[in-house]
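Data block below; observations after.
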Amino acid sequence: MIERWLLLSLVSAVSFGLATVLVKDVMLRGTGPLPVMLWVYVIVFSGMIFYTLFSGVSLKFPSFRTLLAGMLTLLGTVSLYLAFDVAGNPGYVYAVSSVSIAIATALSVFLLGLRINLVGAAGVMLIFAGIILLSMVR
């Protein structure tokens, strides 16, 4: 039986992969990155409001860290959509931006005290190796 976190992660990967190609297609047809990003997030935000209202989750603002996370997500999202617009292959953009996995893993170890085993550390190293290889593609 597949674990729930893995199934949800795979659904996320497929969804984001398809969305990336659709976003690039819309941009290739003449719509700029910022209007595309705005409409994508209007849809995402509307869906989140609907889900939250019907799930009974509290809407209380958790902390300053939530505000900071939101600001960093905004910066990352704008940068990502601008990169989609100027890159030939949006898959390369997404792959390079996936170095966030390694950054989150390292920061979790150092700031949150979480542990990583040898296999996890090797995975992080492979991410960096993949980014280096992609940076050599012309």
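The values are calculated or read from the model by the stated rules, or taken from the named source; none is laboratory data. Keep in mind the model is a prediction, meaning the values are calculated, not measured. Note: ideal-geometry Cβ built from the backbone for every residue, glycine included; neighbour counts use all protein chains shown.
Output yes when any residue across the stretch 13-25 is of a type in the set (Ser, Thr, Tyr), in contact with a Gly (Cβ under 9 Å, 6 or more places away or on another chain) and surrounded by 11 or more Cβ atoms within 10 Å (Cβ to Cβ), and no when none is. Even if it seems obvious, please write down each step before you answer.
Pass one, the stretch 13-25, residues of a type in the set (Ser, Thr, Tyr): 15, 20.
From what is left, the residues that are in contact with a Gly (Cβ under 9 Å, 6 or more places away or on another chain) are 20.
Narrowing the set further to residues that are surrounded by 11 or more Cβ atoms within 10 Å (Cβ to Cβ) leaves 20.
Taking every residue of the stretch 13-25 in turn, at least one turns out to be of a type in the set (Ser, Thr, Tyr), in contact with a Gly (Cβ under 9 Å, 6 or more places away or on another chain) and surrounded by 11 or more Cβ atoms within 10 Å (Cβ to Cβ).
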Which one of the conditions (1) within 20 Å of the chain's Cα centre (by Cα); (2) free of Cβ contacts under 8 Å to residues at least 12 places away in the same chain does residue 50 fail to meet, given that it meets all the rest? (1)
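Can you list the helices (runs of 4 or more DSSP H) found entirely within the stretch 26-138 that contain at least 2 residues being at pLDDT 90 or above and among the aromatic types (Phe, Trp, Tyr)? Before you say what the answer is, go through the steps one by one.
Numbers: elements: 33-55, 64-86, 90-97, 99-112, 118-135.
Of the helices (runs of 4 or more DSSP H) lying wholly inside the stretch 26-138, those with at least 2 residues that are at pLDDT 90 or above and among the aromatic types (Phe, Trp, Tyr) span 33-55, 64-86.
Looking at 137, 86, which one is exposed (fewer than 11 other Cβ atoms within 10 Å of the Cβ), under 30 Å from residue 33 (Cα atoms) and touching a Phe, Trp or Tyr at 6+ places or on another chain (Cβ under 8 Å)? If you could, list the steps in order and put the result at the bottom.
Values: 86 fails: touching a Phe, Trp or Tyr at 6+ places or on another chain (Cβ under 8 Å).
Going through 137, 86 in turn, the sole match is 137.
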If you go through 116, 103, 131, the only one that is farther than 18 Å from residue 16 by Cα, surrounded by 11 or more Cβ atoms within 10 Å (Cβ to Cβ), among the β-branched types (Val, Ile, Thr) and within 15 Å of the chain's Cα centre (by Cα) is 103
Taking the stretch 94-118 and keeping only residues that are within 21 Å of residue 65 (Cβ to Cβ) and among the polar types (S, T, N, Q), one is left with 100, 105, 108
